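Beneath this line is the structure, given in structure tokens, with notes to follow.
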Amino acid sequence: MDMAKVLRRIGCDLEFPAAQTCCGQPAFNTGYWKDARPLAERFVRVFRAADAIVCPSGSCTTMVRNFYPELLTGSTLHGEAVQVGQRVYEFSEYLVKVARVGDVGASFSHRVTYHDACHALRELRLKQEPRELLRHVRGIEVVEMPHSEECCGFGGTFATKFHMISAAMGDTKAGNAERSGAEYVTSTDPSCLMQVEGILRRRKSPMRTIHLASILAQTGSTGRRVPRAAAGS
């Protein structure tokens, strides 16, 4: 909803197709390609007429753009999948590279640090785009966390299959976020924020997580304090 609020603010006409479902990434990443294909084909059918498809998640964007062509090899929808993938954008990518907007009129008077989510950074090559948007937020103080490019350890089903490794990686990431001295850690992927938020809670840390879209959606003079229950949504 926060992403939609920002997109409307900059003049986009939005549609939310009710028929959409999961992009199929969880099944694809765990080797269940047979189960992932119908979801991918459904995505292509649902969004085939869209001028642009904007996702508040680098991992979903990566799945459609980078892996649908491989997953749907041999499908009658393969050609369309390639075309749809070229019109799928991660939220910060769309704002900066397509809409050519850096300042969305946001206000958030808090100290914030940024976590580079793996798919956005490594698959989509997005690093400066979210930082560019944050720099234009009124009242914000952006500080870099140590080792911001290190994985948070979530990795989808990796977090359940290799939970001890995942938790150790997450603990390191949460510690680095805390060392930045920020009040909030933000990112472009809800899954990363969910991982970090869970660990921060266990550490009884006062730090909170917040999605980039939720920062950019705020326009008050100081930016409201985000309730903990809403963080990372």
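Annotations
- Check on Lys161, among the basic types (Lys, Arg), open to solvent by 10 Å² or more (accessible area, probe 1.4 Å) and more than 17 Å from the chain's Cα centre (by Cα): yes
Residues checked against (1) without any contact (Cβ under 8 Å) to a residue 40 or more places away in the chain; (2) farther than 30 Å from Arg37 by Cα; (3) more than 18 Å from the chain's Cα centre (by Cα):
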{"residue": "Gln83", "(1), (2), (3)": "yes, no, yes"}
{"residue": "Tyr89", "(1), (2), (3)": "yes, no, no"}
{"residue": "Thr113", "(1), (2), (3)": "no, yes, no"}
{"residue": "Asp116", "(1), (2), (3)": "no, no, no"}
{"residue": "Ala120", "(1), (2), (3)": "no, no, no"}
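- Listed by position, the helices (runs of 4 or more DSSP H) contained in region 1-98 that have at least 2 residues being small (Gly, Ala, Ser), out of contact with any strand residue (DSSP E or B) (no Cβ under 6 Å at 6 or more places or on another chain) and open to solvent by less than 50 Å² (accessible area, probe 1.4 Å) are 33-47, 78-85.
- Exactly one residue out of Thr30, Thr61 is at pLDDT below 95 and of a type in the set (Val, Ile, Thr): that is Thr30.
- Flag for Glu144 being open to solvent by 40 Å² or more (accessible area, probe 1.4 Å) and within 30 Å of Val96 (Cα to Cα): yes
- Residue check, Arg100 without any contact (Cβ under 8 Å) to a residue 24 or more places away in the chain and farther than 29 Å from Ala27 by Cα: yes
Here is a yes/no grid of residues against (1) crowded, with 16+ Cβ neighbours inside 10 Å; (2) under 19 Å from the mean Cα position of the chain (by Cα); (3) modelled with pLDDT under 95:
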{"residue": "Asn176", "(1), (2), (3)": "yes, no, no"}
{"residue": "Arg179", "(1), (2), (3)": "no, no, no"}
{"residue": "Tyr184", "(1), (2), (3)": "yes, yes, no"}
{"residue": "Ser191", "(1), (2), (3)": "yes, yes, yes"}
{"residue": "Arg202", "(1), (2), (3)": "no, no, yes"}
{"residue": "Pro206", "(1), (2), (3)": "no, no, no"}
{"residue": "Ile210", "(1), (2), (3)": "yes, yes, no"}
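The values are calculated or read from the model by the stated rules, or taken from the named source; none is laboratory data. Values in this document were obtained by computation on a predicted structure and should not be read as measured data. All Cβ positions, glycine included, derive from the backbone under ideal geometry; neighbour counts span all protein chains shown. The protein model used for the area step is the full one, side chains on, heavy atoms only, and it has no ligands, DNA or RNA in it. Shrake-Rupley method; radii C 1.70, N 1.55, O 1.52, S 1.80 Å.
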